[in-house]
Structure formats: C-alpha cells, structure tokens
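First the structure, in the form of structure tokens, and then the observations on it.
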Amino acid sequence: MTVSNSHLPMLKFFSLCQRFVTNPFFGVLVSLILILPSLYVILGDVTIFRKEYVFLAVGIPLYVGSLNKIFNNILNSDNK
C-alpha cells in the first residue's frame, strides 16, 4: 500500500474556482442574481431599510465591472 502525496483533485478544484472568478460572464450572472431579486423586494416597500440594499450596492458595481471587462476584451480582440 502506497501513500500518495499529490493533491491533484484539490488543485483541479482550485483551478476551476479561479477560472470562474476571473470569467467576466460569470460576474455578470452573479451580479444579476443579486440585483434582480433585490429590486423586486425593494420596490415592494421603499421606505424600509433592508439587506437587499446591500445586495444592490454590491451587485451593481460587480455588473458594471464585468461588462467593462467583456467590452474591453471585445475591443482588444479586434486590434489583433
């Protein structure tokens, strides 16, 4: 019986997570998941401070940043 010192499955998991985090399309998806339900709850009663305002404050900059990366990639790919 041999003991392996390689953590290949864990490295694959971290590599996959890093790929998702750096993908701007994933950022757009996550930000829309945060923004849309938050807007639905906020528009129900605007006068009450809720946790959805925090979700909205995090989701909008994430959305804008992800779209900025996507459009920069599109514009930079035309130059090549």
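FYI, it's all coordinate maths here, none of it is from the lab. Predicted, not measured: the structure shown is a model, and the values here were computed from it. In this analysis, Cβ positions are derived from the backbone assuming ideal geometry, glycine residues included, and neighbour counts consider all displayed protein chains.
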Response to the item:
With Cα springs under 10 Å, the Gaussian network model of the chain assigns the largest mean-square fluctuation among Ile48, Ile70, Ile33 to Ile48
Fill in: Taking Tyr63, Tyr53, Tyr40 and counting other C-beta atoms within 10 Å, the order from fewest to most
Tyr40, Tyr53, Tyr63
Worksheet item: Rounded to a whole number of µm²/s, how large is the Stokes-Einstein D of the range 24-65 at 4 °C and 1.567 mPa s, given Rh as the Kirkwood radius over C-alpha pairs?
Response: 126 µm²/s
Worksheet item: According to a simple spin-label model (label point 7 Å from Cα along Cα-to-Cβ), what is the distance in nm between Val58 and Val21?
Response: 1.4 nm
Worksheet, complete the sentence: In whole Hz, the Karplus estimates of ³J(HN,Hα) for the range 50-55 (6.51, -1.76, 1.60; θ = phi - 60°; x where Gly or Pro) are 10, 5, 5, 5, 5, 4
Worksheet item: Hey, what's the Cα Rg ratio for the chain versus the globular rule of thumb, 2.2 N^0.38 Å?
Response: 1.64
